[in-house]
Structure formats: C-alpha cells, structure tokens
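**Q** Take a look at the following structure, please.
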Amino acid sequence: MSGPARPAPGFSPERLAFFTDAIFAIAMTLLAVELERPEEKELASARTLASFLADHRSSYLAFALAFVLLWSVWRRHHELMDRIGGLSQAFTAWHAPFLLLVAFLPFPTAVVGASISNPLAQTLFASTMAAMVCCEAVLKDISSSTGLVTGDPAETHRRAADSWGVGLWFLLTVGVAWLFSYAFTLWFVAPLAATYGGALISRLRTAPANHPDPRDGDAPRS
C-alpha cells in the first residue's frame, strides 16, 4: 500500500507557513529595534528621561499601531494556512510581494513615528499597509477560487472581502492625509472597515449571482 501523496518539490504548505512566520517575527522585532534609545544625557535624571520619552511619543504610538496591525495580519494568514490543503504557483508567487511588504513595514513605521503629522510619511505607511492587506486578499481569493482550502471556500471568499475592505480603507487615508494632518487616527478604526466595508464588498461581489436570469421565467415547467 502506497503512503499519502507528497506535495511537489517547492509546494509544501508547512514550509511556506514556517517561512512566513519567520518573516513576520523578524519584522515585528525590527519595529522595536527602530525605536530611538535615550543617551547618557537623557538618563541623567527622571526629568530629562521624561522629556525624552515625551518627545518620542509618536514613535511609540507608531510602534504599537504597526505591531497590532502586523499581529492581526499574521493571525489571519495563520488561520488561512491552517485550511490550506495544497499550494499552487499563483498562491506561492503572491507570497513574494506580500512578505516583501511585511519586511518593509518597519521602515515606514520609523518614518511616520519621526513625523507622524507629515502627509508624505502617512502616505508611505498607509500605502504599504494597503498594498500588504490587498495582497492578503488576493491570497484568500486564489485559495478559495482554485480549491486550495479545505472546508467551505465561500467562507474564505467572504474573509477576502474583509481584507479588501481594510486595504481600501488605508488607501482612502492616503488622500485624507493631504487634507487633514491627523488622518492617521483613521487607522485605529480599520477593524470597522473589515466589518462593515467587508460586508459591503462581499454583497457587491455576490450581487450578480443573487439576481435570477429573467429568461428563467420563460422556461417550460414540467
């Protein structure tokens, strides 16, 4: 009796999941590495240290936000990979831009932390997040449409709509950043974009299937 079928070389879901986890772990660690450390003069007294920490509060805010965002993207990807029964060339290839953006995120996080009200800094961060989450959405769409996921592919398709909603929300904040210096506050309500925006996108994507063909009424009944 032959054993279970082995995946083709280079198409092992487990190896891809392990590699992705490593990239996320490194990126989340680099977020803290980018934080500026106080020098000896800032450590001379509690007052100088408090002044240093206050001056860099935007960096800590950017760090916390980026860490939570990366954590949420990793959790969703982890759940997706737990349902993947096999890999395809498209699914594997789309991990390249996805992980490139994950690895790149510490840089725009440091930039926006240094000048959080700068519209170009906000654009850099929001564009990176938008592209990353849209890549995540593409991965979900590919896995649901090509039969890579086990269980109900419609559920993965709906979750892809949630990711599209978040990606479009970050893209929207790019334009707002040039009109409103505190546009970064909109990033904190990104989960609402997944809940409500995702539901709207899912409804729009399935709308044609919900409308019966008018010609069906002309079909003879048995």
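**Q** Provide Thr150, Thr92 ordered by accessible surface of protein heavy atoms (probe 1.4 Å), highest first.
**A** From most accessible down to least: Thr150, Thr92.
**Q** Would you work out which of Phe63, Ala46, Asn118 lies farthest towards the positive end of the dipole of segment 1-143, given +1 charges on the beta-carbon of Lys and Arg and -1 on that of Asp and Glu, about the Cα centre?
**A** Working it through, the farthest residue towards the positive pole turns out to be Phe63.
**Q** Here is a follow-up. I'd like the accessible area for Thr20, computed on protein heavy atoms only with a 1.4 Å probe and all protein chains in place. Round to 10 Å², please.
**A** 0
**Q** Can you compute 3J(HN,Hα) from phi for each residue in segment 112-129, using the Karplus curve 6.51 cos²θ - 1.76 cosθ + 1.60 with θ = phi - 60°, rounded to whole Hz and x for Gly and Pro?
**A** Working through the residues one at a time gives 5, x, 7, 8, 5, 8, 6, x, 5, 5, 5, 5, 4, 5, 5, 5, 5, 5 Hz.
**Q** Across the chain, where is the longest run that never hits trypsin sites (Lys or Arg not before Pro) in a DSSP loop with at most 15 other C-beta atoms within 10 Å?
**A** The answer is 42-220.
**Q** When the dipole is taken about the Cα centre of segment 1-154, and only Lys, Arg (+1) and Asp, Glu (-1) are charged at their Cβ, what size is it in debye, to the nearest 20?
**A** 140
**Q** Placing +1 on the Cβ of each Lys and Arg and -1 on the Cβ of each Asp and Glu in the chain, which of Met132, Gly197, Ile26 has its Cα farthest towards the positive end of the resulting dipole?
**A** Farthest along the dipole direction, towards plus: Gly197.
**Q** Using the heavy atoms of the protein chains and a 1.4 angstrom probe, tell me the accessible area per residue for segment 25-90 in square angstrom.
**A** That works out to 62 Å² for each residue.
**Q** Just to confirm the number: angle between the C-alpha axis of helix 95-104 and the first principal axis of the chain, 0 to 90 degrees, nearest 10?
**A** It is inclined by approximately 10 degrees.
**Q** Related question: Restrict the search to segment 144-207; then list the chymotrypsin sites (Phe, Trp or Tyr not before Pro) that DSSP places in a loop and that have at most 15 other Cβ atoms within 10 Å of their Cβ.
**A** Filter output for segment 144-207: Trp178, Phe180, Tyr182.
The values are calculated or read from the model by the stated rules, or taken from the named source; none is laboratory data. Because the structure is predicted, anything quoted here is derived from the model rather than measured. Cβ sites come from the backbone with ideal geometry, for glycine too, and all protein chains shown count toward neighbours. Just so you know, the surface numbers come from the protein's heavy atoms only, side chains and all, with ligands and any DNA or RNA stripped out. Shrake-Rupley method; radii C 1.70, N 1.55, O 1.52, S 1.80 Å.
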